[in-house]
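Have a look at the structure below before the remarks.
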């Protein structure tokens with residue numbers, strides 16, 4: 001170790017420590033002046049505010065920690081919906097951009113260029129304040145397929161009423177585990193004997209048969225509840241029964257998935273284009289059918305290019321879902337860093353918890369991605 | 001005449017297929033066209049569903065009939081190759097054509113035909129189309145926010161001057177080319193800051209920054225006469241000395257008097273807004289985030305463990321949190337970290353927060369470029385006896401930065417698209433102004449026009465940026 005290496009490190013360390021020391025000293029002084037003591041005890045206090053939309057039971061008598069959970073679950077809900085739709089749209093558009101059909105390729109390109117170059121916040125506002133406000137009132141809504149009602153107050157869809165839901169869920173989990181075993185068995189069989197097993201058919205069969213058995217033998221029972229219009233007062237109507245998706249959730253999920261889909265489409269396109277032509281020709285020349293070429297040669301290589309940036313986009317989508325605060329969808333930022341912060345005034349604690357939550361989420365995913373990248377990397381000798 | 005087999009058109013009866021196919025195709029397009037532009041239903045005599053799908057079926061048969069490979073007719077071959085390769089493609093092409101024809105009339109009528117352009121109040125907008133009078137009335141606010149009308153020439157003048165100074169690089173002769181980097185990295189940001197501070201904000205003439213600039217100018221002028229052997233020590237010590245002398249010795253008495261001299265009326269940052277604020281915020285964030293990101297990326301690849309781990313921690317922290325929480329932090333949490341008598345302007349806090357946030361992304365992009373360079377480049381530079389800084393400035397960074405132009409452009413685009421988020425701290429740029437205008441009781445119900453207008457503005461800005469970055473990429477592309 002020489003002097004030239006130690007000095008810059010020491011200097012950086014001293015600067016960092018000084019900055020942190022300065023901040024924490026000031027924070028202490030400020031909090032003393034305002035009579036606040038630092039601590040996370042407030043999480044168990046009664047929150048006494050209401051949340052418009054929540055997945056778990058919640059009202060003002062619950063604790064701040066429960067409010068935090070409500071926000072977190074809402075964030076996860078909109079992220080999952082967004083990720084599913086963004087993936088579907090993204091893959092379709094990405095493939096359309098590779099189409100030999102000029103019209104299709106152009107349409108996809110226009111979509112990508114247009115939605116990518118407009119700020120996400122603007123898109124959320126557009127859907128929420130402009131597009132969804134043009135929908136009819138509940139009493140004037142025309143049913144879609146007789147059971148779906150798209151109104152200005154939200155999207156009303158039929159709900160399932162379950163008996164013994166847990167048995168049904170167990171049967172689905174059992175089917176998934178069984179599929180894993182079948183796949184492992186098929187792989188082993190192919191390596192030993194060279195024969196292929198129709199894994200896909202067996203998997204679909206398992207996924208249908210096991211839940212079906214739970215209906216027939218396990219006492220699972222589901223009935224469908226269709227939303228029915230109900231008059232609240234002379235001019236105010238709403239729907240009763242069924243499931244209500246609030247307009248905030250719809251516009252947020254719509255904007256998030258349309259925006260992120262453009263980036264996923266580009267990832268897909270780059271991935272498929274990244275597989276060299278020689279690979280396809282080589283695969284065809286050893287006698288694989290076009291389907292086999294796609295399944296065994298192109299897709300494994302394309303996925304290797306597609307998956308890392310796409311996961312990044314999923315992460316971006318999750319982080320972008322915090323824009324929900326702008327249209328009052330009760331997500332983590334609005335419920336916790338908004339309302340709870342206003343009520344308690346504990347800026348440092350609440351902002352740090354919120355940031356830590358997002359940080360945990362993204363670091364977990366990036367650790368997983370690093371592991372996955374290492375696993376699928378081509379092993380060169 | 002050969003036998004006609006309509007299931008598999010071939011070249012022998014080319015014209016028979018061609019005429020029947022083209023006439024069927026044009027008939028289908030005509031039906032849709034008349035239906036959508038003049039609401040004439042040619043097929044109303046048929047039952048509902050069939051009448052609905054008839055154009056599709058006719059067009060599909062038409063396209064099938066003209067699908068003749070190597071016909072020798074140039075136009076036909078182009079059509080077949082591009083939109084009519086097989087049945088599935090033909091169907092999709094037809095659907096797209098019909099969708100465009102169907103959506104044109106409502107769009108046209110909303111945007112132009114039924115739209116209101118004249119007038120300056122809500123009553124003028126009686127048509128069913130867009131109310132562009134709304135945009136016209138509020139245009140000033142969308143561009144300048146709450147900035148006083150009489151003073152808006154200051155913003156215009158500053159932007160024109162800055163655009164002109166920014167374009168200097170295009171006209172630089174060979175002799176001055178080598179100073180361009182210095183100009184853009186150091187001089188231009190300082191000039192930009194002075195413009196914003198004196199002109200747009202109307203700040204007092206003597207403040208901390210002015211002493212610094214005077215000190216820098218004086219020391220550079222004297223610096224020309226100092227032997228190069230001592231130059232480094234000279235520039236480390238003298239500017240700071242002059243600054244301290246100026247501030248605390250020479251001008252100390254007059255400080256209070258001079259501090260009051262203002263050339264222009266003071267406009268506080270809370271009143272700034274609209275598109276000009278979007279430009280100001282993205283401009284400064286863009287300038288600051290690049291050098292910070294550069295140093296972070298070098299730090300992350302450093303051999304020195306403390307610097308490396310501090311950089312990693314810093315980068316991963318900013319990349320892991322959403323921007324909106326960072327802005328929350330800067331508005332509600334950051335004031336707690338400052339001494340009570342110290343106050344930092346809202347706009348400055350926002351610019352610092354966004355810069356640090358984007359710097360982490362820039363750092364990761366540049367790191368990608370640094371990693372992509374072959375080891376040989378480092379070894380070759382070291383074998384010539386170059387030190388760490390010399391190696392990076394002259395060998396590594398020029399190549400690495402060239403590689404990452406698209407990535408950096410994407411980050412900058414993301415930055416511009418993130419600026420509307422500053423509504424969190426109460427600064428209203430163009431999207432914020434739209435939301436304010438929307439709630440004005442005189443102008444209720446024109447949300448759509450506002451958002452369409454802002455979308456077009458942002459689309460133009462971002463699309464131009466991405467095309468420019470594409471050109472840069474092509475210009476600096478080097479084969480290796």
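Taken together, the values in this text are just the output of simple stated rules run on the coordinates, not laboratory data. In this text, all values refer to a predicted model and were calculated from it rather than measured experimentally. Note that each Cβ is placed from the backbone with ideal geometry, even for glycine, and that neighbours are counted across all protein chains shown.
Three principal axis extents of chain B based on alpha-carbon atoms, in descending order, are 104, 69, 44 Å. Working value for segment A:281-358: equivalent-ellipsoid semi-axes of 49, 11, 7 Å, each the square root of 5 times a Cα gyration tensor eigenvalue, largest first. Computed from Cα positions, the angle between helix B:87-108 and the longest principal axis of chain B comes to roughly 70 degrees. In segment A:159-223, Rg over Rh equals 1.15, where Rg is the alpha-carbon radius of gyration and Rh the Kirkwood radius from pairwise Cα distances. Note on chain A: with a GNM built from Cα contacts shorter than 10 Å, the maximum mean-square fluctuation among A:207, A:249, A:69 falls on A:207. For chain B, the longest principal axis of the alpha carbon atoms and the long axis of helix B:208-223 meet at an angle near 70°. Binning all Cα-Cα separations of segment A:241-310 at 5 Å, short to long from zero, yields these whole-percent fractions: 3, 15, 17, 14, 11, 9, 8, 8, 7, 4, 2, 1.
Normalising the Debye intensity of chain A to I(0), with uniform scatterers on Cα atoms only, and taking log10 at q = 0.06, 0.11, 0.13, 0.14 Å⁻¹ returns -0.37, -1.14, -1.37, -1.44. The radius of gyration of the Cα set in segment B:264-322, together with its Dmax, comes out at 16.9, 52 angstrom.
Choose one answer from A:40, A:111, A:68: the residue with the largest mean-square fluctuation in a GNM of chain A with alpha-carbon springs under 10 Å. Residue with maximal mean-square fluctuation among A:40, A:111, A:68: A:40. Ranking of B:135, A:367 by neighbouring Cβ atoms within 10 Å, starting from the fewest: A:367, B:135. Rounded, prolate or oblate: pick one for segment A:76-202, where a ≥ b ≥ c are the square roots of the eigenvalues of its C-alpha gyration tensor, a/c under 1.5 means rounded, and failing that, prolate if a/b is larger than b/c, else oblate. Note, shape of segment A:76-202 comes out oblate. Put the Cα centre of segment B:69-129 next to the Cα centre of segment A:203-276 and the gap is 31 Å. Calculated translational diffusion coefficient of segment A:125-197 (20 °C, 1.002 mPa s; Stokes-Einstein with Kirkwood radius over alpha-carbon pairs) equals 125 µm²/s.
At q = 0.16, 0.18, 0.26 Å⁻¹, what log₁₀ I(q)/I(0) does a Debye calculation on the Cα points of segment B:44-89 give, no solvent, two decimals? Debye curve over Cα of segment B:44-89, log10 I(q)/I(0) at q = 0.16, 0.18, 0.26 Å⁻¹: -0.51, -0.59, -0.88.
Taking 1.567 mPa s as the viscosity and 4 °C as the temperature, the Stokes-Einstein diffusion coefficient of the protein assembly as shown based on its alpha-carbon Kirkwood radius rounds to 40 µm²/s. Take every pair of alpha-carbon atoms less than 8 Å apart whose residues are at least six positions apart; their mean separation over the length of segment B:286-368 yields a relative contact order of 55 percent. Report the normalised scattering of segment B:6-65 as log10 I(q)/I(0) at q = 0.15, 0.31 Å⁻¹, calculated by the Debye formula with identical scatterers on the alpha carbons. So the normalised log intensities are -0.48, -1.21.
The Cα atoms of segment A:181-322 cover 75, 45, 24 Å along the three principal axes, with the biggest extent listed first. Rounded to the nearest 10 degrees, the inclination of helix B:305-320 to the longest alpha-carbon principal axis of chain B is 40 degrees. Computed on the Cα atoms alone, the convex hull of segment B:332-480 gives a volume of 151 cubic angstrom per residue.
Based on the convex hull around the alpha carbon atoms, segment B:100-141 presents an average projected area of 3.2 nm².
When chain A is treated as a GNM with alpha-carbon contacts under 10 Å, the residue of A:200, A:361, A:258 showing the greatest mean-square fluctuation is A:200.
Write down, largest first, the equivalent ellipsoid semi-axes of segment B:14-113 in whole Å, where each equals the square root of 5 times an eigenvalue of the alpha-carbon gyration tensor. For segment B:14-113, the ellipsoid semi-axes come out as 26, 17, 11 Å.
Calculated translational diffusion coefficient of segment B:353-437 (25 °C, 0.890 mPa s; Stokes-Einstein with Kirkwood radius over alpha-carbon pairs) equals 161 µm²/s. Estimate the FRET efficiency between residue A:45 and residue B:348 by the formula 1/(1 + (r/R0)^6), using the beta-carbon distance for r and 41 Å for R0, to the nearest 0.05. Efficiency at R0 = 41 Å is approximately 0.70. Arranged from fewest to most other beta-carbon atoms within 10 Å of their beta carbon, B:344, B:83 become B:344, B:83. From the alpha carbon centroid of segment B:324-366 to that of segment B:154-217 is 24 Å.
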